Amino acid sequence: MIVLGVDPGSRITGYGFIEISEHGQRFLECGVISLDTEKSHQLRLKTVYSELVLLIEKHLPDSCAVEMPVYGKNPQSMLKLGRMQAAAMLAALNLEIPVVQYTPKEVKKSVTGNGNASKEQVQFMVRSLLAIDSQMKIGLDASDALAVGLCHAQRNRLPETGKYESWSKFVRENPDRVA
């Protein structure tokens, strides 16, 4: 099963693809869609949609997991973030890819065991869980997107792919597999 994780943003949208099998999870690709802030919000929405469609057509994921905005100080910013989330969801849905949403706390808790973990802690665990070489540059937005994908994989784990209830339990029981 291939999962696309998306961390929508009005300036930078992170994406990450992971493959889940009976052997565990494997990193495929991640990156960011950098948006030109000089362009209108509508054109940035179109860019996110178009870029994600190309990536989906390349990797053919079985599902898409999107981090959802849950709160913010500025209502306009939240509205823009929600629209970016919708653009990401439509890119997948229009290609018949099912979409699920997770809150930032759910994602952080599933990957680190702590719903209030920092972006750096999430990135460290994503690198460990996916055995990503420390020399490979991965920004925080891309690692957040991979974490969204890992959250989805962990919550929807098929019986043959593993027996762990959470990443924290896996880490406790397999300290040798986490760098």
Region 84-127: proportion of alpha-carbon pairs further apart than 16 angstrom, %:
49
Provide 15, 102, 71 in ascending order of the number of other Cβ atoms located within 10 Å of each residue's Cβ, fewest first.
71, 102, 15
What nm distance separates the two modelled labels at residue 39 and residue 133, each placed 7 Å from Cα along Cα→Cβ?
3.2
Rounded to a whole number of µm²/s, how large is the Stokes-Einstein D of region 1-104 at 25 °C and 0.890 mPa s, given Rh as the Kirkwood radius over C-alpha pairs?
177
MRE, 222 nm, helices only [DSSP H, n ≥ 4, -39500 (n - 2.57), over the chain, to nearest 500]:
-14500 deg cm²/dmol
Estimated vicinal HN-Hα couplings, Hz - region 4-13 in sequence order (Karplus 6.51, -1.76, 1.60; Gly, Pro = x):
9, x, 10, 10, x, x, 7, 10, 9, 10
Local electrostatic count at residue 149 - Lys and Arg +1, Asp and Glu -1, tallied over other residues with Cβ under 12 Å:
-4
Order of 152, 23, 41 - criterion: other Cβ atoms within 10 Å of each residue's Cβ, fewest first:
23, 41, 152
For the chain, diffusion coefficient by Stokes-Einstein and Kirkwood Rh (Cα), 4 °C, 1.567 mPa s, µm²/s
80
Let me confirm the definition first: pairs of Lys residues in the chain, 8 or more apart or on different chains, C-alpha distance under 25 Å. How many are there?
26
By count of other Cβ within 10 Å, fewest leading, how are 108, 80, 39 ordered?
39, 80, 108
As I understand it, the value is the acute angle between the Cα axis of helix 75-93 and the longest principal axis of the Cα atoms of the chain; what does it come to in degrees, rounded to 10?
70
Roughly what would the spin-label model give for residue 53 and residue 90, points 7 Å off Cα along C-beta, in nm?
1.0
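Read-outs throughout are calculated quantities, based only on the coordinates presented, and are distinct from any laboratory measurement. The structure displayed is predicted, hence computed values, not measured ones. Using ideal geometry, Cβ is built from the backbone for each residue, glycine included, and neighbour counts are taken over all protein chains shown.
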